[in-house]
Each structure stands twice: as structure tokens, then as C-alpha cells.
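Trainee: One structure follows; several queries about it will come next.
The values are calculated or read from the model by the stated rules, or taken from the named source; none is laboratory data. This structure is a prediction, so every number in the text was calculated from the model and none was measured. As a convention, Cβ positions derive from the backbone with ideal geometry for all residues, glycine included, and neighbour counts pool all protein chains shown.
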Amino acid sequence: MNRLLQATLLGFAFAAFSVPAPVQAAPPTARAYAPENLRTLSRADQQRVIGNEYREQSNGRSIPNDQLTFYLDQVSRSNWGFSNIKQDIARSLAGSGGSWPPVGGGNGNGGTVRCESDSNRSRTCATSWQGPSRLVRQLSDTPCIEGRTWQSQRGQVYVSGGCRGEFAPGAQTLPGYPGSGNGYSVTCSSTGKNAQSCAWNSRNGRPYVQRQISSSACRENDTWWYDGNAIWVKNGCRALFGTR
């Protein structure tokens, strides 16, 4: 009996002095490290940090493939830093903003407006100018063709069918607007990837894309450029070039 009582008392004493170890809280998940100079990362890591930044700013959406490709090209060709990409993503999600680097606009307004048709949904973006607009940079794989996937309206740009681009004050005449430029224009077309030149009279000033004719993108300093006396196009770019 005494042995049973001693064993019972010993069990109570052990339980009284046994303190469970505190539960350790799981450490918070750290955000992926993204250096300002993305060239220090592998291409796979560049894709990862850019995709993560887009998901964070868009509340979980995946970055469009063509937009990711555009950023990767800017990192390798134009030495964009991570802060440049963060700000550009913010502008793209807001639907408008300046390009990087800035693209000069016409009519004394300067700057550009970004307008994007996500998931083929139409979108209307306000412009800071009341006159017509012109496409200065196509961002989407889907072609931005005036009259089909984008239209210039009074004080705004309308896009549809997946067209995503940057627009600046234009030169073409629209109903209700006075004519602009001097009427001089040149249509220049490339076949395949070969570069093609078209004579341009420099006395008329610098050419601008008034209307993209091809489904392939016409992007200045990429698929078309101007050398002072000629317009050069390549990679399928076909467009009507004119003056302001």
C-alpha cells in the first residue's frame, strides 16, 4: 500500500514540474530578393522576380508572356533596373503613363499614353491631348492595327482584340480635326526579315508612323528607323509614314 501511495505521489510531482516546450512560430516567408541590376541574375531568375513583382501588383495575376519578353529585352538591351520595371508594371496596370525612356509627343504635349486590351477585352484610355493619336510602340504579340484593333478618338484611344501599345499625339486627319502635317507621306514595306529602304525627302521633316498596315509590329528603332534620307523597315513591318 505504501509503495502504491509513493508511486502515485511521485507521478503527481513529475507532472507538476514538467512544463511543455513553447511552440515556435513559423518564420514569415521572405520576399524574393531582386537586385536593382537584374543582369546579375540568370534569365530564369529574371523571369521569376519580374513575374513575382507583377503578381504582387496585380493581386495574383500572371504577367502576359509578351510583356515579360519585353522586360527581359529591356534588361539585356537597355539595361533597365528593377525599379524601372516596377514603375512600368504600375503604369501598365493603371492603363496609361509615359514610356521609358520618354517618347516625345507632338503638338507641344510630349509624353505617351499606354492603353492595353487584356484578355481581348476592349478598353478606352484618356489622352492628355485632344487631337488624333498614333501608335509609337506595340507591346503585345497581337498586332495593333489602326481601324481594326485600335482607334483614335477625341481625347482618348480605344483598343480591342488584345492590342497593347503606347500612343502619342498623331498627325493623321480625323473628322472634326483640322488637317495636320503637309500631306507628304510614304508607304514602306518589308518582306520577311530582310531590311528594305524607302526614299524620304528630309525637307519634310522627320517621318512618323501614321498608319500600320502590317500585322507585324512597326516599332521605331526595332523594325523601322530613319537615317535622314530614307526610311528603313524590316521583319514584316509595313506602314504609311507621314509628317506632323
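Trainee: Look at GLY161 and say whether it is modelled with pLDDT of 70 or more, part of a loop (DSSP other than H, G, I, E, B) and either not assigned by TED's automatic domain parsing to the domain that holds ARG134 or not acidic (Asp, Glu) (or both).
Mentor: Details: modelled with pLDDT of 70 or more: yes; part of a loop (DSSP other than H, G, I, E, B): yes; either not assigned by TED's automatic domain parsing to the domain that holds ARG134 or not acidic (Asp, Glu) (or both): yes.
Spelling it out, GLY161 is indeed modelled with pLDDT of 70 or more, part of a loop (DSSP other than H, G, I, E, B) and either not assigned by TED's automatic domain parsing to the domain that holds ARG134 or not acidic (Asp, Glu) (or both).
Trainee: When you look at ALA217, is it modelled with pLDDT under 85, part of a strand (DSSP E or B) and crowded, with 20+ Cβ neighbours inside 10 Å, yes or no? Can you show your working first?
Mentor: Values: modelled with pLDDT under 85: yes; part of a strand (DSSP E or B): no; crowded, with 20+ Cβ neighbours inside 10 Å: yes.
The answer is no for ALA217.
Trainee: While we're looking at this one, here's another question. Restricted to region 59-108, and to residues that are basic (Lys, Arg) and either surrounded by 18 or more Cβ atoms within 10 Å (Cβ to Cβ) or at pLDDT below 75 (or both), which residue is farthest from ALA44 (Cα to Cα)? Let's see the steps before the verdict.
Mentor: The first filter runs over region 59-108 and keeps only residues basic (Lys, Arg), leaving 61, 77, 86, 91.
Pick out the ones that are also either surrounded by 18 or more Cβ atoms within 10 Å (Cβ to Cβ) or at pLDDT below 75 (or both) and you get 77, 91.
Details: ARG77: 17, ARG91: 24 Å.
The extreme case among them is ARG91.
Trainee: Moving on. Kindly provide the set of residues from region 110-129 that are in a loop (DSSP other than H, G, I, E, B), at pLDDT below 85 and not hydroxyl-bearing (Ser, Thr, Tyr), ordered by number.
Mentor: Those that are in a loop (DSSP other than H, G, I, E, B), at pLDDT below 85 and not hydroxyl-bearing (Ser, Thr, Tyr): GLY110, GLY111, TRP129.
Trainee: What number goes with the only condition from (1) in contact with a Phe, Trp or Tyr (Cβ under 9 Å, 6 or more places away or on another chain); (2) assigned to a loop (DSSP other than H, G, I, E, B); (3) buried (at least 18 other Cβ atoms within 10 Å of the Cβ); (4) at pLDDT below 85 that SER152 does not pass?
Mentor: SER152 satisfies all of (1) in contact with a Phe, Trp or Tyr (Cβ under 9 Å, 6 or more places away or on another chain); (2) assigned to a loop (DSSP other than H, G, I, E, B); (3) buried (at least 18 other Cβ atoms within 10 Å of the Cβ); (4) at pLDDT below 85 except (2).
Trainee: How about region 164-188: which of its residues are within 11 Å of ARG134 (Cβ to Cβ) and either assigned to a strand (DSSP E or B) or modelled with pLDDT of 85 or more (or both)?
Mentor: Of everything in region 164-188, those that are within 11 Å of ARG134 (Cβ to Cβ) and either assigned to a strand (DSSP E or B) or modelled with pLDDT of 85 or more (or both) turn out to be GLY165, GLU166, PHE167, ALA168, PRO169.
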